[in-house]
Amino acid sequence: MASQGYWLMEFISISQIIKQAPAQYGRAYLYSETDDNDLTYFIVHQLEVIRKAITALHQYLEKKTAEIFEIEQCLEGSALQGKLNHRQLAILRHALDHPTTIYTIQQHQAAHKLSYQTARTDLLKMADEFHILSKHKYGNAFVFLAPPDLGQKLTQLEARYKAK
């Protein structure tokens, strides 16, 4: 379907839906086999799976949008407002929920489908300019660590910017 221009199919996962109800998949396949290879049963089942997958995608997007909105609300009126892009806000949201998480440029690049340089710039800015993440050298690469006291660091950062 993706090769035929149905771009939305790139972003949905039908395997999870099928895994939740394997018997329905098996019945649709079996009905098709036992009814002179009439694919109607299987096609109807697959369309229902796709519909559920699209609904799940919409729910996921609503959840992520709400998370970004929540972070933006927290930053409302702060010195960081308007200085972080949506990818950096996503890292900040994740870091607040999961302190001591380690982030790499490659992970950020893959998660947001970015060039290496853009992913690197995002993380370096969060570490060097805003001091939200701490930067460490690991072999030849940098890793970025979310501090356990990130909420407190954000408060201190706010105080620093207001003093300027």
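The values are calculated or read from the model by the stated rules, or taken from the named source; none is laboratory data. Only a predicted model underlies this, so the values are computations on that prediction, with no experimental measurement involved. Every residue, glycine as well, gets a Cβ built from its backbone with ideal geometry; the counts of neighbours run over all protein chains shown. The accessibility values were calculated without ligands, DNA or RNA, using every heavy atom of the protein model including side chains. Shrake-Rupley method; radii C 1.70, N 1.55, O 1.52, S 1.80 Å.
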Please work out which one of (1) open to solvent by 100 Å² or more (accessible area, probe 1.4 Å); (2) touching a helix residue (DSSP H, G or I) at 6+ places or on another chain (Cβ under 9 Å) is the condition Ile54 fails and give its number.
-> (1)
Could you list all residues from the stretch 26-51 that are open to solvent by less than 80 Å² (accessible area, probe 1.4 Å) and not in a loop (DSSP other than H, G, I, E, B)?
-> Gly26, Ala28, Ser32, Thr40, Phe42, His45, Gln46, Glu48, Val49, Ile50
Could you grab the pairs with beta carbons closer than 7 Å, sequence gap of 6+ or different chains, first residue in the stretch 76-97 and at pLDDT below 80, second one open to solvent by 40 Å² or more (accessible area, probe 1.4 Å)?
-> Ala79/Tyr161; Ala79/Lys162
Please find, within the stretch 12-25, the residue that is farthest from Leu57 (Cα to Cα) out of those that are assigned to a loop (DSSP other than H, G, I, E, B) and touching a residue at least 40 places away in the same chain (Cβ under 8 Å).
-> Ser13
